Amino acid sequence: MWGGRHVHLGSNVYINFNCTLVDDVQITIGDGTMIAPNVTIVAESHPVSPKLRAEGYGCNKPVHIGRNVWIASHVIILPGVHIGDNAIIGAGSIVTKDVPANVIAMRSPAKVAREITPDDVHYDHGKPIAGNIVTLDALQQWE
């Protein structure tokens, strides 16, 4: 059977190439979420017990990714994780536990590095936003 049956995408979700979704149970991705290349989202695992694995048992836990989330390249999201709205997951992170809304989480295992604040509207990775950044409004005016 082909996968994808348990994947639920909101509107305007962007998924870049080489994204793997293991959806033995629900994977929900909210509106406006962006997923970079080489991301893996897994909602299925196996028991620790060799006996149970040999008998074919699995451990399914749904994954929920909120609205307007940015998941950077090479991130792995493990079963049962809930990522809150507006969160950012840093490149190469392994997300083993829930991530609250409006934070930047990174590393392996992923931990909250900091909250996203109103000051972030003026900065690009800690540097002032240059005058040549193209906004969505500017793009729409070109159409």
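The values are calculated or read from the model by the stated rules, or taken from the named source; none is laboratory data. Computed from a predicted structure; not experimentally measured. Using ideal geometry, Cβ is built from the backbone for each residue, glycine included, and neighbour counts are taken over all protein chains shown. Keep in mind that these areas ignore ligands, DNA and RNA; they rest on the heavy atoms of the full protein, side chains included. Shrake-Rupley method; radii C 1.70, N 1.55, O 1.52, S 1.80 Å.
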Filter segment 88-109 for residues that are under 11 Å from I71 (Cβ atoms) and in contact (Cβ under 8 Å) with a residue 24 or more places away in the chain; the one that is least open to solvent (accessible area, probe 1.4 Å) is I88
Is there a residue in segment 50-59 that is open to solvent by less than 60 Å² (accessible area, probe 1.4 Å) and either under 18 Å from G4 (Cα atoms) or in contact with a Ser or Thr (Cβ under 8 Å, 6 or more places away or on another chain) (or both)?
-> yes
Which residue out of G30, G80 is under 19 Å from P100 (Cα atoms), open to solvent by less than 40 Å² (accessible area, probe 1.4 Å) and either touching a residue at least 60 places away in the same chain (Cβ under 8 Å) or touching a His at 6+ places or on another chain (Cβ under 9 Å) (or both)?
-> G30
Filter result for the condition that a residue is in contact (Cβ under 8 Å) with a residue 12 or more places away in the chain and on the phi > 0 side of the Ramachandran plot, over N16, N38, N60 = N38
All conditions in (1) within 26 Å of S11 (Cα to Cα); (2) aliphatic (A, V, I, L, M); (3) modelled with pLDDT of 95 or more; (4) not in a loop (DSSP other than H, G, I, E, B) are true of V112 except (1)
